[in-house]
Every structure is written in structure tokens, then in C-alpha cells.
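Worksheet: the structure to be examined is printed underneath.
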Amino acid sequence: MLVRMLCQHIGSFGVAPDGRLFDNAEGNYIDASAYGITWGRAREAVLALDEHTLDLAKCPYDLRHAGISFWLASGVDSAECARRAGHSIQVLFRYCAKFLADARNHANILIEDYMRRWEEATDDDDAESALAGPWPGNAPELLVRSGIRVGDIGSKGVFRLAA
């Protein structure tokens with residue numbers, strides 16, 4: 001998508017004689033401070049007030065972290081995410097620890113909810129009715145909709161081993 005956007009930009013505006021894609025209104029180099037000013041205006045235009053005060057996407061570089069976290073949440077192997085980001089797995093986990101903690105908390109909530117439903121059932125007939133609702137292990141789209149990517153195996157196989 002980015003390549004398509006850049007090709008459209010080049011088709012519309014061309015490139016400078018030195019190969020630059022972007023220049024200011026006078027055709028000169030864009031001053032570094034202009035990026036910050038433009039970024040600030042863009043944040044004000046698209047973010048809600050509470051998001052803006054939280055310093056969400058405070059600088060363009062924050063999008064890199066968001067992109068890497070998105071890859072991890074999408075189920076991309078952590079070693080592949082680290083390779084694409086250009087650093088080690090240790091660095092990846094150090095800077096994506098919040099994402100990992102959120103995934104762990106979400107998993108704990110799912111497990112605790114299912115175990116609570118399991119313990120509420122007094123016999124086998126009740127167990128089947130108490131657990132008849134969609135269990136995320138059987139409905140991975142519930143996890144995906146919540147931002148947690150599940151693989152083909154999922155936690156269902158692990159639960160069968162525990163049960």
C-alpha cells in the first residue's frame with residue numbers, strides 16, 4: 001500500500017532533480033521542525049481529546065512500535081518480528097512488554113471465566129449446559145475480534161490435556 005501511495009505521489013508531483021520525493025512550497029528541503037509541526041496538527045485533527053492528552057503517537061517514530069505490536073498481535077512469530085524490525089528478540093520483548101502483559105491478562109480472564117463456569121456445574125448434565133456457550137477455544141474469531149490472534153491449535157488442545 002505504501003508503494004502504491006508513493007507511486008501515486010511521484011506520478012502527481014514528480015521528484016526533485018536530486019531524487020527527493022518531498023519538498024517545501026518553494027521547492028527546497030523540508031526543515032526538520034516542519035515535520036513536528038505537521039505531526040502535531042495531524043494528531044489534533046484525528047485524535048480524541050483524551051487520546052491527545054495521553055501522548056498517543058506523540059511522534060512519528062511511535063508508529064514503528066505500534067506496527068511491531070500489531071505484527072505480534074496478528075500472530076507473527078516473535079523472531080520474525082524482531083528480524084523485520086532489525087533488532088534482537090530481547091529488544092523486541094523489552095519494548096513490547098505492555099502488549100505481552102495485555103495478552104497475558106486477556107488469557108487469564110478467559111481461563112478464569114471458563115473455570116468459574118466449570119466449577120458452578122454440579123454434575124455432568126449441568127456441566128454441559130453451563131459450558132454450552134461459545135468458548136473462545138472453539139470460536140477463535142472471538143479472540144481475534146478482541147485483538148488476540150489465535151493459531152490453528154489454540155488453547156483448546158491444552159485444555160483437553162488439563163481436563
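Scanning the stretch 1-53 for residues that are assigned to a helix (DSSP H, G or I), more than 22 Å from HIS65 (Cβ to Cβ) and charged (D, E, K, R) gives a single hit, ARG4.
Tell me the residue from LEU56, LEU72 that is surrounded by 12 or more Cβ atoms within 10 Å (Cβ to Cβ), touching a Leu at 6+ places or on another chain (Cβ under 9 Å) and either part of a helix (DSSP H, G or I) or touching a residue at least 60 places away in the same chain (Cβ under 8 Å) (or both), please. If you could, list the steps in order and put the result at the bottom.
Numbers: LEU56 fails: either part of a helix (DSSP H, G or I) or touching a residue at least 60 places away in the same chain (Cβ under 8 Å) (or both).
When all the criteria are applied, what remains is LEU72.
Of all residues in the stretch 80-89, none are surrounded by 13 or more Cβ atoms within 10 Å (Cβ to Cβ), part of a helix (DSSP H, G or I) and in contact (Cβ under 8 Å) with a residue 40 or more places away in the chain. Put simply, of ARG64, ARG41, ARG4 the only residue that is basic (Lys, Arg) and under 19 Å from the mean Cα position of the chain (by Cα) is ARG64. What about ARG104, is it open to solvent by 90 Å² or more (accessible area, probe 1.4 Å) and either among the β-branched types (Val, Ile, Thr) or in a helix (DSSP H, G or I) (or both)? Considered against the rule, which asks whether it is open to solvent by 90 Å² or more (accessible area, probe 1.4 Å) and either among the β-branched types (Val, Ile, Thr) or in a helix (DSSP H, G or I) (or both), ARG104 comes out as yes.
The values are calculated or read from the model by the stated rules, or taken from the named source; none is laboratory data. The shown structure was predicted, so the numbers you read here are calculated from the model rather than taken from an experiment. So basically every Cβ, Gly included, is an ideal-geometry build from the backbone, and we count neighbours across all protein chains shown. Heads up: the accessible areas ignore ligands, DNA and RNA and are worked out on the full protein's heavy atoms, side chains in. Shrake-Rupley method; radii C 1.70, N 1.55, O 1.52, S 1.80 Å.
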